[in-house]
1. Just subtract the alpha-carbon distance of GLN256 and ALA351 from 0.36 nm times their residue separation and send over the number in nm, one decimal.
2. Where a ≥ b ≥ c are the square roots of the eigenvalues of the C-alpha gyration tensor, would you call the range 20-400 rounded, which needs a/c under 1.5, or, failing that, prolate if a/b is larger than b/c, or oblate?
3. Which whole-Hz couplings ³J(HN,Hα) result when phi for each residue of the range 142-155 is put into the Karplus expression 6.51 cos²θ - 1.76 cosθ + 1.60, θ = phi - 60°, listed in order with x for Gly and Pro?
4. Can you tell me the length gained on complete extension of the stretch ASN332 to ASP383, counting 0.36 nm per residue apart and subtracting the Cα distance?
5. Using a Förster distance of 25 angstrom, determine the FRET efficiency expected from the C-beta separation of ARG95 and GLU115, and round it to 0.05.
6. Name the residues of the range 274-307 whose amide N is less than 18 Å from a point 7 angstrom out from the Cα of ARG60 along the C-beta direction?
7. Under 5 Å between amide hydrogens, which residues at least 5 positions from VAL47 or on another chain qualify, with H placed 1.01 Å from N in the peptide plane?
8. Run the simple label-point estimate for ARG370 and ALA216 please: 7 Å along Cα→C-beta, distance reported in nm.
Amino acid sequence: MNPAPSGGLSLRPYFDPFDPALHTDPYTRYTQAREGAALSEGPHGLVVVTRHADVSRALRDSALGHGPLTAPNRLFSFLGMDPPDHGPLRQIAARFFNPAAIAALAARIAQDVDELLDQALCGQQVDLLADFAYPLSLRVICGLFGLPDQDQQWIREQTPPIARLLDPPYALDEQDLQGAHMAAAGFVAYLHRKINERRVTPGPDAFSALVAGSEAGSGPARRDLLPMCALLLLAGYETTANVIANGALALLRHPQQSAVARSRVADGRLDRAAMDELLRYDSSIQITFRTVQRPTRIAGTPLAPGTPVALLIGAANRDPRVFARPDRLDVNRAPNPHLSFGAGIHYCLGAPLARLEASLALGRLLARTRDIEQTGGPVRHKDSTATIRGVKELPVRLTPA
């Protein structure tokens, strides 16, 4: 599935971002690759970029794009769409994901957080992923899109196989690829039904506005309505749930930093410095993949069109050239130029929503508890995709404040 490199560009050290061992702890291996050379060589001629300056520049480099996409992978084409198609779509969606629009959702999100915490604090044990982070992020994104509550569980079940399509096809075995294609086909059919419903009976939701905006726009805007909605819906809930769970785990493992963060909770929200540090420390998006579209250079190395590139967000966020003591969680860290939301024209459109949700979820969790004790065995991380990092479960015992 991931053969060693042969021929072509010769870079060392060799680094395989699809190595299953990275799911447990990628950061030690990231350090070895990042400090060993500016670029590494991966499977299938992949050029692996690990240093902050190089990843940051590459994220902004218009010579890097996604190229031709197979039908299932078009679900996520908005993630790496190249100009000129990217601009019109982003402008349509930005009306509903800009900071002012998202701030208007704060009271409702806080209410959802408190309802879930009320339930969690009644029990002896709670899974912060399954019982808190996932339900919250699903409620928020489905509410924004005007999707019925009864659809939430089905959407959640489709996400794991579809998320595999964020990795290159050669990183998947045949069974995983077939499962991803089947789930993607079902989700495409679901989105087509919802789009047709909004054409006939529009509502005050973002889904209806996106449908109306795309039909009033150009051909590319109409063509790419479905992948844009898929990305905003699936990535908008899955990555945010992982931001919350990864952040909670980091605070659990660093009680002194957790105490500092708890002391600074205001209006039920984690403060900006603490939220940025949790995003940097263990990003829910570890890698983004690109293809060279026209000749360019990364770290001074010339790359020809067609060269596949992996930008390791997680490695860049631990680069000691930018972050002092990068492997230490420091909720006072400033400045904090992490790349967890990307950069340039591909900066995450849902960043304001993800930040608001996570700051309210973690802030209220800290404010309403005196102690959070991790229970169960060793933490296990999801292993279905190299792109997304998150725990499989996070059982804890909560002591009310």
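Coordinate-derived values only; no laboratory data. Keep in mind that what you see is a predicted model, and the values were worked out from it rather than measured. Using ideal geometry, Cβ is built from the backbone for each residue, glycine included, and neighbour counts are taken over all protein chains shown.
1. On the way: separation 95, 0.36 × 95 = 34.20 nm, distance 2.74 nm.
Length difference between fully extended and current span is 31.5 nm.
2. oblate
3. For the range 142-155, the Karplus-derived couplings read 5, x, 5, 8, x, 8, x, 4, 5, 7, 4, 5, 5, 4 Hz, x marking Gly and Pro.
4. Additional length available on full extension: 15.2 nm.
5. In this case the efficiency is close to 0.30.
6. 296-301
7. GLY42, VAL309, ALA310
8. It is 5.6 nm.
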